[in-house]
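The next block holds one structure in the form of structure tokens; read it before the comments.
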Amino acid sequence: MATARHHAMPLRDCNVLLRTLARQGSFARVMAVYYDLRARGLVADSFTYPFVLKAIGVMKLSAEGRKAHAAAVKTGFRWDTYTASSLVEMYAMLGRANFARKVFDEMPRRFLVLWNMMIRCYIRCGRFTAAVALAEEMERSGATPDRVTLVTAVTACSRAGDLSLGRRIHVYMDAVFGFSLPVANALLDMYTKNGCLEEAEKMFEQMVERNIISWTILVSGYALAGQLDKARALFYQCTEKDLILWTAMINACVQHGSFEEALSLFRDMQLQQVEPDRFTVVTLLTCCANIGALDQGEWIHQYAEGRKMKIDAVLGTALIEMYSKCGHVDKALHVFGRMQGRDAAAWTAIICGLATHGQASRALQLFEEMQMSKVKPDGITFIGVLSACCHGGLVDEGRRHFQAMKEVYRIEPRIEHYSCFVNLLGRAGVLDEAERLINGMPVNKDTMPLFGALLTACKAHGNVEMSEQLTKRIAEQDSPNPSVNVLMSNVYATASRWEEAIRVRSKMTHPTVKKTAGWSSIEVKGY
């Protein structure tokens, strides 16, 4: 129906048109019809408001939402259940839970649909504890819940980590409704997300009916708890696997470092003719990045492009990290240049990739562009920036960025930031400043990289006195550190103080002192 014909329509026909347009998702046209009927002096009714309020919520028109609310109050329709529940839904979409609660509290009679809508509103706005509290208030009020109420309330319990109400719902469902599949899955999800795997397994066994969602929830639950063997066993028990279950199992392997198994599962998935989606692709790219599987990563990139997947912030960042970790920073830059909607993670990934490969000036140039684009850097971004300064020997730049991180962006430096900065100062021979920076820090396993970086710098610049002071501080700790003895011995050797070097080396012959050998792995011809 064309909107050009609505100018002479009575309200009833306008409402039919509004419903049609809303179902088609033509929300701008919904608002055009609403403005016209208001201009013609027609008073919106309970059949008008639900569609108009939904359009306002979808289009994020906060000012129009307040006007429509005021009109509903003025015309008396705010007491109507459909209008009130639509107002609550609108405020949920606008992220204004407090306004929704005001509508809810003003209702003289609260029908079940309004309770359900308000609980959902809290969940949508991320206020899970408030959602649980409202569900408990409903329980005390004596209102009889339906299956929608139970699923919504259990979801709130799951997100809030409050199992008390969830367990009562479990008992109530068992006694009154039986194990309805949607509610049973919601309970299963609640137990797994809160680490109650025994209860989840018992729930799973009790379920008369299961679907692929049930299997996926339990597989993901075991994976989240670190029980990869159980997740794997359950995965292979399921006879009909869909894309979501395959992706959940591949993701579980990636999370627990079983990268080869993840790629093997991907190949099996392809043999089963299950098409991966963008979430699977992102998980697989993370896997390839971790094991340096460039050939496989490039094939996945080509697959994504062949399926016309949008290179957005999530997929683009995964590609940048894969190419950077596989040593192809030029390809990472190419992906970055084609990306749509770059967020902080994407900027950080390319800055860190460039810094790792010694392209300091390009990394810092992109950091300047990031700041100009109004994307706010985070702590990980500054690790890349400081690493770039370190690779380029840019002491003044590094000092400026280190201060800006604290004073401009209010980011508290972590050990990784101090380590980059100490390394930068040490390489440049600014040892006194580096020593002052770590002077107040305790010597423990977390701060040892700082002391190690400064000792290495002392060796490079032949500063024996500072090396001895640092070694003395480290030696005061209970546990021996073989790498410190190696460094100190090298410091003495560099200064041609051979007797001291031999004395330190002799300490390492003690049977309790061992230095762990390093190892590396690379991909050769795709393996």
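The values are calculated or read from the model by the stated rules, or taken from the named source; none is laboratory data. Since the structure is predicted, the reported quantities are computational estimates derived from the model, not experimental observations. Please note: Cβ atoms are built from the backbone with ideal geometry, for glycine as well, and neighbour counts cover all protein chains shown. Areas reflect the complete protein model, heavy atoms only, side chains present, ligands, DNA and RNA absent. Shrake-Rupley method; radii C 1.70, N 1.55, O 1.52, S 1.80 Å.
Of all residues in segment 319-350, those satisfying the criterion of being surrounded by 23 or more Cβ atoms within 10 Å (Cβ to Cβ) and either outside any helix (DSSP H, G or I) or in contact with a Ser or Thr (Cβ under 6 Å, 6 or more places away or on another chain) (or both) are A332, A346, T348, A349. Kindly establish whether Y122 is aromatic (F, W, Y) and more than 25 Å from L181 (Cβ to Cβ). When the stated conditions are applied, Y122 does not pass them.
Only residues that are farther than 17 Å from F204 by Cα and in contact with a Phe, Trp or Tyr (Cβ under 8 Å, 6 or more places away or on another chain) were counted in segment 224-238, giving 1. Cβ separations smaller than 7 Å between residues 6+ apart or across chains give the following pairs from segment 65-77 residues that are within 14 Å of Y91 (Cβ to Cβ) to residues that are open to solvent by 60 Å² or more (accessible area, probe 1.4 Å): A72/R78. Scanning segment 123-138 for residues being in contact with a helix residue (DSSP H, G or I) (Cβ under 8 Å, 6 or more places away or on another chain), surrounded by fewer than 23 Cβ atoms within 10 Å (Cβ to Cβ), farther than 14 Å from R96 by Cα and of a type in the set (A, V, I, L, M, F, W, C) gives a total of 3. Here the condition is being at pLDDT 85 or above and of a type in the set (F, W, Y); of Y172, Y191, it holds for Y191 alone.
For segment 381-437, which residues satisfy the criterion of being of a type in the set (G, A, S) and either over 28 Å from the mean Cα position of the chain (by Cα) or farther than 20 Å from M448 by Cβ (or both)?
G384, A388, G392, G393, G398, A404, G426, A428, G429, A434, listed by residue number.
Identify, please: which residue in segment 351-364 is of a type outside the set (A, V, I, L, M) and part of a helix (DSSP H, G or I) and is, among those, nearest to V385 (Cα to Cα)? It comes out as C352.
Among the numbered conditions (1) in a helix (DSSP H, G or I); (2) open to solvent by 20 Å² or more (accessible area, probe 1.4 Å); (3) in contact (Cβ under 8 Å) with a residue 12 or more places away in the chain; (4) over 26 Å from R96 (Cβ atoms), the only one that R120 does not meet is (4).
Just give me the residues in segment 207-261 being over 19 Å from the mean Cα position of the chain (by Cα), small (G, A, S), open to solvent by 20 Å² or more (accessible area, probe 1.4 Å) and closer than 26 Å to Q296 by Cα, in sequence order. S258 - this is the single residue of segment 207-261 that is over 19 Å from the mean Cα position of the chain (by Cα), small (G, A, S), open to solvent by 20 Å² or more (accessible area, probe 1.4 Å) and closer than 26 Å to Q296 by Cα. Of the helices (runs of 4 or more DSSP H) lying entirely inside segment 134-245, not one carries at least 2 residues that are farther than 29 Å from L112 by Cα and in contact with a strand residue (DSSP E or B) (Cβ under 6 Å, 6 or more places away or on another chain).
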